[in-house]
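Below is one structure; the comments refer to it alone.
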Amino acid sequence: MAYGFGGAEQTTANLLNHLDRDRIKQITLVAPAALRPYLPATYNRFVDSALCWLEPGFATPGVLRRDAKAFGDLLHILAPDVALGMMHYASALVVSGVRLTGLRTRTIASYRGPLYEYLRHYEPDPRRRRFLQTVAAETASLADRVIVPSQGVADELQQRFLTPSQKIAVILNGIDLAHVTEAARTATPELAHLDQDKTPVLCAIARLAPEKNLGLLLEAFRRIHATCPAMLLMIGDGPERETLKAQVTAWGLTDSVQFVGYLANIYPYLRRADVFIHTCHLEGFGYTMLEALACGTAVVATDCPYGPREVLDYGKCGLLVPMDNPDALAGATLRLLADPALRQTLVVHGLGRAKQLSVRRMAEAYTTELVALGSVTS
């Protein structure tokens, strides 16, 4: 199951493409119909989650129980050996649904991000925080397996939600380097003027939402541009778009910041960029950083909990800077722009990291977990 389209959905797409179908015979995908065009049709059956009247996220305990019962009824019809939930709400529906209906289906909860950090930043209501913490802890406790994309998320589950370490599998996300390399070759005539005047290009890819901390990015870019005139490409869309554009206008940077919007193929832009900048208050992994590495682009990232330090191999494949510090972010970016040799060193290490974090490695690890659980019910 998946809701929305981001890193979790990209991982879902990668798994659909690369799971070992000699060992996994049948895949049923339950997701909103709006996601279907973005996912490869390598499954055996698609079920629109709207047919179960499922909510897109946590509402109230009563709604959660209702949705879990509806999903349990669906699982009773589908009769899978293993049910995998992507993200916290889907995981809760999978695990609770099986428990409420008394099925023998084995369950995997896949928490894709740091819930405790999210609650700390974005849930001011103590009662709602307790509700979400309780659901997350109970889901992890009752699931047969918990899969997370970074050791940081695993540590949080153990320390904040008391999930036994032996129940958790850390499987870092993977990327299809051959596909990225081919897709990055697509022509981008709209960037031709940047090639002509040798303007340094910075790139950020994110949903334009508060948790992505893009105000910090603009604060840093204002400092960067004052020293080294550059172009910032902001790829993505979201609720903060107009607020961010207004800030750019107020600072007189309209000609230097391009709001590109959502793109199906981001790779030509990443390949053209001199530096990719990642700012976020929290990350379970941070897939766009791995995409930048695969495109041969140097990366600067805030050292937020928990993904960037693991994706960038603790600073070996990119520069990590303190959170909420625009001077540090600007300084690191200017350092890379002024030092081509350092940029190239990071590019070489980054490509090595992208090879290491292959989609095949990830899919094999998931296949092993799914088959192992499935054999218990056989």
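Observations on the model:
- The condition of being of a type outside the set (S, T, N, Q), under 20 Å from T101 (Cα atoms) and in the same structural domain as A13 (by TED's automatic domain parsing) holds for only one of P61, P32, that being P61.
- Enumerated helices (runs of 4 or more DSSP H) restricted to the range 140-219, each holding at least 1 residues that are under 30 Å from Y118 (Cβ atoms), assigned by TED's automatic domain parsing to the domain that holds V82 and touching a Pro at 6+ places or on another chain (Cβ under 6 Å): 151-161
- Screening I224, I235 for residues that are part of a strand (DSSP E or B) and assigned by TED's automatic domain parsing to the domain that holds L336 leaves exactly one candidate, I235.
- Scanning the range 22-35 for residues that are touching a residue at least 12 places away in the same chain (Cβ under 8 Å), within 25 Å of G374 (Cβ to Cβ) and of a type outside the set (V, I, T) returns R23, Q26, L29, A31, L35.
- Residues that are buried (at least 18 other Cβ atoms within 10 Å of the Cβ) and without any contact (Cβ under 8 Å) to a residue 40 or more places away in the chain, drawn from the range 165-199: I168
- Number of positions in the range 274-293 that are over 16 Å from L337 (Cβ atoms) and either in a helix (DSSP H, G or I) or touching a strand residue (DSSP E or B) at 6+ places or on another chain (Cβ under 8 Å) (or both): 13
- When each of V376, V348 is tested for being of a type outside the set (K, R), assigned to a helix (DSSP H, G or I) and touching a Lys or Arg at 6+ places or on another chain (Cβ under 7 Å), the lone residue that passes is V376.
- When R128 is tested against (1) without any contact (Cβ under 8 Å) to a residue 60 or more places away in the chain; (2) within 19 Å of the chain's Cα centre (by Cα), just one condition goes unmet, and that condition is (2).
- Selection count where residues are at pLDDT below 85 and acidic (D, E), scope the range 1-15: 0
- Subset of the range 266-302 that is over 20 Å from V359 (Cα atoms) and touching a Lys or Arg at 6+ places or on another chain (Cβ under 6 Å) - its residue that is surrounded by the most Cβ atoms within 10 Å (Cβ to Cβ): A298
- Checklist (1) of a type in the set (A, V, I, L, M); (2) buried (at least 24 other Cβ atoms within 10 Å of the Cβ); (3) in contact with a Pro (Cβ under 7 Å, 6 or more places away or on another chain); (4) in contact (Cβ under 8 Å) with a residue 60 or more places away in the chain applied to A230, failing item: (2)
- Counted as qualifying within the range 44-125 are the strands (runs of 3 or more DSSP E) with 1 or more residues that are within 20 Å of the chain's Cα centre (by Cα) and either small (G, A, S) or surrounded by fewer than 22 Cβ atoms within 10 Å (Cβ to Cβ) (or both), namely 82-86, 106-110.
- The numbered conditions (1) more than 19 Å from I266 (Cβ to Cβ); (2) crowded, with 21+ Cβ neighbours inside 10 Å are all true for E219 except (2).
- Residue in the range 188-203 that is at pLDDT 95 or above and charged (D, E, K, R) present: no
- The condition (being more than 18 Å from the chain's Cα centre (by Cα) and in the same structural domain as R145 (by TED's automatic domain parsing)) is satisfied by just one residue among T367, T345: T367.
The values are calculated or read from the model by the stated rules, or taken from the named source; none is laboratory data. Fair warning: this is a prediction, and the values are worked out from it, not measured in the lab. Note that we place each Cβ from the backbone using ideal geometry, even for glycine, and neighbour counts take in every protein chain shown.
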